[in-house]
Amino acid sequence: MPIYAYRCESCGHTLDALQKVSDAPLRDCPACGAAALHKQVTAAGFQLKGSGWYATDFKGSGSSAPAPSAAPAAAAAGASADAAPSASCGASCACH
């Protein structure tokens with residue numbers, strides 16, 4: 001649910017309200033009782049940046065090389081690529 005910022009036009013009181021998008025906007029000021037509350041325009045809590053990453057994401061400072069795969073080592077040790085699947089992984093995994 002989004003948090004909406006409100007300001008009373010009568011007394012200047014400000015408040016934040018956690019509301020559903022479908023909820024009606026608040027009208028009555030809790031400080032002075034006047035029906036003068038108006039929603040304020042606020043910035044979003046995230047920024048879209050680049051090719052699908054958020055500017056607020058935790059990301060590394062560079063790309064690292066992928067870890068070496070265990071498959072070439074197993075093939076060099078004499079393991080067959082079409083060996084029977086083990087009972088734990090079945091035939092639908094990527095290792096067969």
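The numbers here are math on the coordinates, done by the rules we state, and not lab data. Worth saying up front: this structure is predicted, and the values here are computed from it rather than measured. Here Cβ is always computed from backbone atoms with ideal geometry, including for glycine, and neighbour counts include all displayed protein chains.
Once the other residues with Cβ under 12 Å from the Cβ of L26 are scored (Lys, Arg +1; Asp, Glu -1), what is the net sum? Around L26, the charge tally is 0.
In the stretch 1-43, the convex hull through the Cα atoms has an average projected area of 2.9 nm², a quarter of its surface area.
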